[in-house]
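Structure, as structure tokens:
The values are calculated or read from the model by the stated rules, or taken from the named source; none is laboratory data. Keep in mind that what you see is a predicted model, and the values were worked out from it rather than measured. Cβ placement follows ideal geometry from the backbone for every residue including glycine, while neighbour counts extend to all protein chains displayed.
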Amino acid sequence: MSMQRIGWIGTGVMGASMCRRLMDAGYTATIHNRTREKAEPLLARGAAWADTPQAAAENSDVIFSIVGYPRDVREVILGPTGALAGAHEGATLVDMTTSEPSLAEEIASRASQRSVTSIDAPVTGGDIGAKNGTLSIMIGGDEQTVRFLEPFWSALGSKWIRHGGPGAGQRAKLANQTLVGMNMIGICESLLYAHRAGLDLNAVLESISSGAAGSWALSNLAPKIIRGDFAPGFFVEHLIKDLEILLDECRRMNLHLPGVELAERLFNEVAAQGHSRDGTQSLIFALAKMNGEDWHAAVKT
């Protein structure tokens, strides 16, 4: 099958940059998004518009999707005008949304009945990784198909690993989100302590970021917290969704992860304060409030 014609569903914070990278690599794209306005920059670069996911799939050999929630995945892939309805025999669906492992398994099963292959391939690396093609891609699905898609993985990411059959990519991503949630708690508490102790936050960050406490989030998101930049690389509401999926998985597995439960409560608290569409670094507001701090005022002093 040809690999030059791609469909792309979802042109949000991550999806637009990811689709652009594939177009820049020479692929011909037919795109669909819930609101056409967000797709305009890609249309200006030569992408074709499709009114439905089904229409995007009809003109494509590999159809990618990256949307918000499992209900959105179900709609754009399995719905009456979803991608599966338009996919031809031999086509491949690649869902890069962080979603439910059970849904990935269902999609793979239903796709196979139409001689279509489905791959779950959620990513981590945020908006920066999407723009720079340095995402880490966690993949579940048929091994031969995953190898066949390597030109796409190499255009989108710096690392891609197949973790098993359908749903395995989603489960690997949930392991990742376990660390994302709790790592952000540690970063925010560290900065709150340093602020209360009267230390220069930038100097503290310089000291600790190259040691044992170092992480991508510390290097990339802690500076944003210090300068009061809460623009989303990854929405709070989407991390809440991921943590809720993870906790559902834990209940099914009879697994108790108290750190994840704490992270889910704290991120829900910051969402209740009006930050659901801000970046995950806005968790600082929930923890600051618990300690009688106004973080906006703190970063101005």
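One line per residue, one yes/no per condition, for (1) over 25 Å from Gln170 (Cα atoms); (2) not small (Gly, Ala, Ser):
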{"position": "Ile208", "(1), (2)": "yes, yes"}
{"position": "Ser219", "(1), (2)": "yes, no"}
{"position": "Glu269", "(1), (2)": "yes, yes"}
{"position": "Asp278", "(1), (2)": "no, yes"}
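Listed by first and then second residue, the pairs with beta-carbon distance under 9 Å, at least 6 apart or on different chains, first residue in the range 194-207 and of a type in the set (D, E, K, R), second surrounded by 11 or more Cβ atoms within 10 Å (Cβ to Cβ), are Arg196/Asn291; Arg196/Glu293; Asp200/Ala194. Against the list (1) crowded, with 19+ Cβ neighbours inside 10 Å; (2) at pLDDT 95 or above, the condition Trp295 fails is (2).
The set of residues from the range 140-177 being farther than 28 Å from Gly259 by Cβ and aliphatic (A, V, I, L, M) comprises Val146, Leu149, Ala155, Leu156.
Let's see how each residue does on (1) surrounded by fewer than 18 Cβ atoms within 10 Å (Cβ to Cβ); (2) at pLDDT below 95; (3) over 27 Å from Ala212 (Cβ atoms):
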| residue | (1), (2), (3) |
| --- | --- |
| Met96 | no, no, yes |
| Ala108 | no, no, yes |
| Ala111 | no, no, yes |
| Ile139 | no, no, yes |
| Val146 | no, no, yes |
| Glu150 | yes, no, yes |
| Ile161 | yes, no, no |
| Gly169 | no, no, yes |
| Gly181 | no, no, no |
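Being within 27 Å of Gly79 (Cβ to Cβ) and either free of Cβ contacts under 8 Å to residues at least 12 places away in the same chain or among the aliphatic types (A, V, I, L, M) (or both), is that true of even one residue in the range 169-192? Yes, the range 169-192 contains a residue that is within 27 Å of Gly79 (Cβ to Cβ) and either free of Cβ contacts under 8 Å to residues at least 12 places away in the same chain or among the aliphatic types (A, V, I, L, M) (or both). In the range 1-42, of all residues being polar (S, T, N, Q) and either at positive phi or touching a residue at least 12 places away in the same chain (Cβ under 8 Å) (or both), the one that is surrounded by the most Cβ atoms within 10 Å (Cβ to Cβ) corresponds to Thr11. Check whether at least one residue in the range 111-118 is touching a residue at least 60 places away in the same chain (Cβ under 8 Å) and hydroxyl-bearing (Ser, Thr, Tyr), and report yes or no. No, the conditions are met nowhere in the range 111-118. Considering the range 264-292, the residues that are in a loop (DSSP other than H, G, I, E, B) and touching a strand residue (DSSP E or B) at 6+ places or on another chain (Cβ under 9 Å) include one that is surrounded by the most Cβ atoms within 10 Å (Cβ to Cβ), namely Asp278. Strands (runs of 3 or more DSSP E) fully within the range 1-98 that include at least 1 residues being closer than 21 Å to Gly126 by Cβ and under 19 Å from the mean Cα position of the chain (by Cα): 5-9, 62-65, 92-95.
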